[in-house]
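Single-structure report; data block below.
The values are calculated or read from the model by the stated rules, or taken from the named source; none is laboratory data. Note that the structure is a prediction, hence the values are computed from the model and not measured. Positions of Cβ are backbone-derived with ideal geometry, glycine not excepted, and every protein chain shown enters the neighbour counts. The area values use the complete protein model at the heavy-atom level, side chains included, leaving out ligands, DNA and RNA. Shrake-Rupley method; radii C 1.70, N 1.55, O 1.52, S 1.80 Å.
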Amino acid sequence: RERKYDVAINTLRNPVFALMCYIAGIREIITFNSGQLDPFSTRRVPFDLNKHHMMRIFDLVEVLGVPRSSVLPPDGIEILQEDIDRATELLRREGIGATSLMVCSSPGGGSNPWAEMPSKRWNSERFARLYELLQRDFDARTVLLGSKTDTDTADKILKETKAKVLNLTGKTSLIETMAILKMSHLYIGNDSGPLFIAAAVGTPTLAIFGPTNASVINPPGRLNVAAQSPADCSPCYNPLEGLEGRAYKCSNYKCMAEISMEKVFQAASELLTQSKQRTGQ
């Protein structure tokens with residue numbers, strides 16, 4: 001309200017967020033047509049479940065006259081040199097220099113303001129073993145990133161792995177996270193926020209998908225690879241069902257259990273090899 005915003009774009013299909021925008025004094029509120037009672041949004045666009053998530057978001061911003069051709073530049077979002085310098089110094093103090101092969105990873109995720117979805121998380125023991133293999137075959141240093149809600153997962157992995165892993169979970173700001181991801185040769189993680197930040201700054205990504213559908217969620221692009229669960233029940237998440245859907249009620253996490261270490265490591269190896277060739281290392 002203090003900043004007097006003119007327009008709000010509500011991507012979450014929840015009228016509560018539209019109400020928050022209305023209370024904040026924003027009179028132009030654009031959202032998806034969720035089928036719920038929503039007297040606060042001023043413009044609504046259809047929600048197409050079969051569209052890629054990025055294209056659905058474009059449906060919202062297109063209302064403002066933003067052309068669909070306004071995609072990210074080839075090298076991703078620009079990070080200020082001063083932020084790169086700070087991240088470089090932070091990593092240098094931890095023994096990761098300019099010539100180091102660095103892999104960033106977020107083994108947590110699945111934490112939303114309204115509900116937890118632990119079924120999105122790959123097994124921590126497999127992450128621990130994966131970091132060991134990346135160090136053995138590529139001499140890669142792994143850096144863990146995430147929010148404070150991911151610290152327990154990160155601490156557990158540190159106890160399980162023999163690899164040299166730098167744990168920055170819950171210790172970096174958004175800008176610092178973006179700068180570190182920009183400097184990384186590869187990002188590996190679950191379907192969570194850091195995945196999309198990594199893709200946005202132009203870093204190759206390997207995402208692990210279980211209950212969610214990689215074909216409509218994973219960042220597009222040749223260097224953004226998804227390991228989708230082969231389980232017969234995957235994907236089970238339907239955003240139209242919300243908290244009542246199977247993804248939130250699942251208790252066995254079968255889909256993530258069926259994503260093998262070999263599949264993820266092979267995909268990571270191929271991406272790291274391409275990344276080394278691209279950067280001349």
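The stretch between Glu241 and Thr99 holds 46.4 nm of extra length on full extension. This uses 0.36 nm per residue minus the Cα-Cα distance.
Kirkwood radius and radius of gyration were both taken over the C-alpha atoms of the stretch 100-243, and their ratio Rg/Rh is 0.95.
Between Thr149 and Ile57, the distance separating the two model label sites (each 7 Å from Cα on the Cα→Cβ line) works out to 1.8 nm. Entry note: the chain has Rg to Rh equal to 0.98, where both radii use alpha-carbon atoms and Rh is the Kirkwood radius. Largest first, the residues Arg1, Arg13, Arg86 sort by 1.4 Å accessible area into Arg1, Arg86, Arg13. Largest mean-square fluctuation among Gly110, Gly25, Gly221, in a Gaussian network model of the chain whose springs join Cα atoms under 10 Å apart, belongs to Gly25. So how far apart, in nm, are the two label points at Asp6 and Glu262 if each is 7 Å from Cα heading toward Cβ? Computed distance between label sites Asp6 and Glu262 equals 5.8 nm. Modelled spin labels at Arg68 and Leu37, positioned 7 Å past Cα toward Cβ, are 3.5 nm from each other.
Under the convention that each Lys and Arg Cβ holds +1 and each Asp and Glu Cβ holds -1, the size of the dipole of the stretch 1-50 around its Cα centre is about 120 debye.
Gain in length, Gln274 to Ser251, computed as 0.36 nm per residue apart minus the alpha-carbon separation, to one decimal in nm?
Details: separation 23, 0.36 × 23 = 8.28 nm, distance 3.73 nm.
Additional length available on full extension: 4.5 nm.
Taking 17 Å as the cut-off, the amide N atoms of the stretch 105-146 that come nearer than this to a point 7 Å along the Cα-to-beta-carbon line of Glu176 belong to 105-106, 143-146. Of the accessible area of the chain, computed with a 1.4 Å probe over protein heavy atoms only, carbon and sulfur atoms account for 53 percent.
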